[in-house]
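Working notes for the structure below.
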Amino acid sequence: MEQLVAFITDNKVPVGDWMAAIVEFIKDNTLSLFDIVSASISWVIDGFTGILEWVPEPILIVALAAATYALRRSWGLAAFVAFALLFVLNQGYWTETMETLTLVLFATLASALIGVPLGIAAAHRPWLFQALRPILDLMQTLPTFVYLLPTLVLFGLGVVPGLISTVIFALPAPVRLTHLGITSVPKPLIEAGEAFGATKSQLLWKVELPAARSTIVAGITQCIMLSLSMVVIAALVGAGGLGVPVVRALNQVKVGMGFEAGFAIVLVAIVLDRVCRPAERNVPR
């Protein structure tokens, strides 16, 4: 038995060496391409963050509160958004909050643009979903630091490796929930559309997507929350945001700073969840 264990341990499958060789090959042959991509993404994100920081804080707070009321028709929620942003401003984390919002916005946008069409395709092709399922499980369960290393090697320090790692972590949510929403559309609705001569494209846009809208929006909302949960990880590779004071507080053992930044993250999470969650349907009694 000991000889068998020794044989297994002595003949290690070089998975780590294979992955390191792949990353090194990509780095040696396409590094200039990754530099261009990194510079382009950084320019866009930094520009958007700069616009948010350029707007005076009181004006931006009023504008966001007004947009919240226009979207949700709730004075209480609009007042809470204003209070939360005022608290963040009072604590001195306004710039970090704008950086975090930008990172979450772009990560959610990228995840939705990739995940929703992929979920639709997987719903119409069961074999595709079966092929995607282990990949999605791997993306959700693999420790973040594992795929943060190759992105850090390829793109260098900055917001880009944090953004890519956030997208990888959040992407499975819109894919799975879009697939669930499309496959849960009642068959009588589809049969009725086919009976009226609707094409596959018309069925998708006029039957399946409207019926699955709440589930798809729930997937995007979950994607926002998952992206926000990555702010501390992204800060470790130079992405900025509210994760920076958390990491600094951890390194310097500053309990007060950690709680201040933590409360700011919690308030941002609550605001995004309340504003972006699907509207509740009124069920007739």
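The values are calculated or read from the model by the stated rules, or taken from the named source; none is laboratory data. Keep in mind it's a predicted model, so treat the numbers as computed, not measured. Note: ideal-geometry Cβ built from the backbone for every residue, glycine included; neighbour counts use all protein chains shown. Surface areas here come from the heavy atoms of the whole protein model, side chains and all, with no ligands, DNA or RNA. Shrake-Rupley method; radii C 1.70, N 1.55, O 1.52, S 1.80 Å.
Overview of values
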item: Test: residue in the range 207-217 that is part of a helix (DSSP H, G or I), basic (Lys, Arg) and under 25 Å from Val88 (Cα atoms); result: no
item: Qualifying residue in the range 169-178 (condition: open to solvent by 30 Å² or more (accessible area, probe 1.4 Å), over 30 Å from Glu53 (Cβ atoms) and in a helix (DSSP H, G or I)); result: yes
item: Residue list for the range 156-168, filter: assigned to a helix (DSSP H, G or I) and open to solvent by 30 Å² or more (accessible area, probe 1.4 Å); result: Ile164, Ile168
item: In the range 107-149, the residues that are surrounded by fewer than 15 Cβ atoms within 10 Å (Cβ to Cβ) and charged (D, E, K, R); result: Arg125, Asp137
item: Complete set of residues in the range 127-150 that are closer than 17 Å to Leu226 by Cβ and not aliphatic (A, V, I, L, M); result: Asp137, Gln140, Thr141, Pro143, Thr144, Phe145, Tyr147
item: Given (1) open to solvent by 50 Å² or more (accessible area, probe 1.4 Å); (2) under 21 Å from the mean Cα position of the chain (by Cα); (3) not β-branched (Val, Ile, Thr), number of the condition Ala67 does not satisfy; result: (2)
item: Search result, residues across the range 108-136 that are touching a residue at least 40 places away in the same chain (Cβ under 8 Å), of a type in the set (A, V, I, L, M, F, W, C) and more than 11 Å from His179 (Cβ to Cβ); result: Ala110, Ala112, Ile114
item: All positions within the range 25-40 that are open to solvent by 50 Å² or more (accessible area, probe 1.4 Å) and either within 27 Å of the chain's Cα centre (by Cα) or touching a residue at least 60 places away in the same chain (Cβ under 8 Å) (or both); result: Ile26, Lys27, Leu31, Ser32, Leu33, Asp35, Ile36, Val37, Ala39, Ser40
item: Subset of the range 57-115 (residues that are over 22 Å from Gly262 (Cα atoms), assigned to a helix (DSSP H, G or I) and charged (D, E, K, R)); result: Arg72
item: Yes/no for Ile190 being more than 24 Å from the chain's Cα centre (by Cα) and touching a residue at least 12 places away in the same chain (Cβ under 8 Å); result: yes
item: Residue check, Glu53 open to solvent by less than 60 Å² (accessible area, probe 1.4 Å), charged (D, E, K, R) and in a helix (DSSP H, G or I); result: no
